[in-house]
Amino acid sequence: MKIKFDHAVIKVTDWERSNAFYRDVLGAELIPRGAGWMYRFGDYQLNLHGPGLDPAPLASIPVPPGGSDLCFEWDGAISEASAHLAQNNVPVELGPVERFGAKGKGISIYFRDPDGSLLEFISYKSGE
């Protein structure tokens, strides 16, 4: 059986604020979807539940704003990721720390989106 990850869903409270953050800090392509948006990262996507939407079906316990924990691979040195966050006035909450991700051992930093969801950049580049 061949299965690939397609998308995840997060909840946001302010379209303009979230769109700016995910576009400028994470490099998302913003895709309009009805009264809301989706964020695309190459072949992967974040679907969004937010103001003005009544999505169905919902999980038994829908994720609240700030209730997500997502990791994004940073294709470079983790020090570059830290500098990128600093340029965008996004504080690092933890790191750099060694973590184990989808590609094995890496170095991660943690930060939060505007609603408080925990985000992680992981780098698999050696020599960091």
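Laid out as a table, the results:
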{"item": "Test for W74: is it touching a residue at least 24 places away in the same chain (Cβ under 8 Å), crowded, with 17+ Cβ neighbours inside 10 Å, over 13 Å from D113 (Cα atoms) and in contact with a helix residue (DSSP H, G or I) (Cβ under 7 Å, 6 or more places away or on another chain)", "result": "yes"}
{"item": "Those residues of segment 33-52 which are assigned to a loop (DSSP other than H, G, I, E, B) and crowded, with 16+ Cβ neighbours inside 10 Å, in sequence order", "result": "G50"}
{"item": "Residues located in segment 81-105, provided they are surrounded by 14 or more Cβ atoms within 10 Å (Cβ to Cβ) and either touching a residue at least 24 places away in the same chain (Cβ under 8 Å) or more than 25 Å from Y39 (Cα to Cα) (or both)", "result": "A81, S82, H84, L85, V90, G95, P96, R99, G101"}
{"item": "Residue under evaluation S117, criteria (1) more than 17 Å from the chain's Cα centre (by Cα); (2) within 18 Å of H7 (Cβ to Cβ); (3) among the small types (G, A, S), criterion not met", "result": "(1)"}
{"item": "When residues of segment 5-32 are limited to those that are part of a loop (DSSP other than H, G, I, E, B) and touching a residue at least 24 places away in the same chain (Cβ under 8 Å), the one surrounded by the most Cβ atoms within 10 Å (Cβ to Cβ)", "result": "V12"}
{"item": "Test set (1) within 29 Å of I3 (Cβ to Cβ); (2) touching a Pro at 6+ places or on another chain (Cβ under 9 Å); (3) among the aliphatic types (A, V, I, L, M) - A28 fails condition number", "result": "(2)"}
{"item": "Neighbours by Cβ (under 9 Å, 6+ apart or cross-chain): first from segment 39-68, closer than 9 Å to K11 by Cα; second crowded, with 16+ Cβ neighbours inside 10 Å and of a type in the set (D, E)", "result": "P64/D115; P65/D115; G66/D113; G66/D115; G67/D115; S68/D113; S68/D115"}
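Readers should treat all values here as calculations from the given coordinates under stated rules, not as data from a laboratory. This one's a predicted model, so the numbers in the text were calculated from it and none came from an experiment. Backbone-built Cβ (ideal geometry, glycine too); neighbour counts: all protein chains shown.
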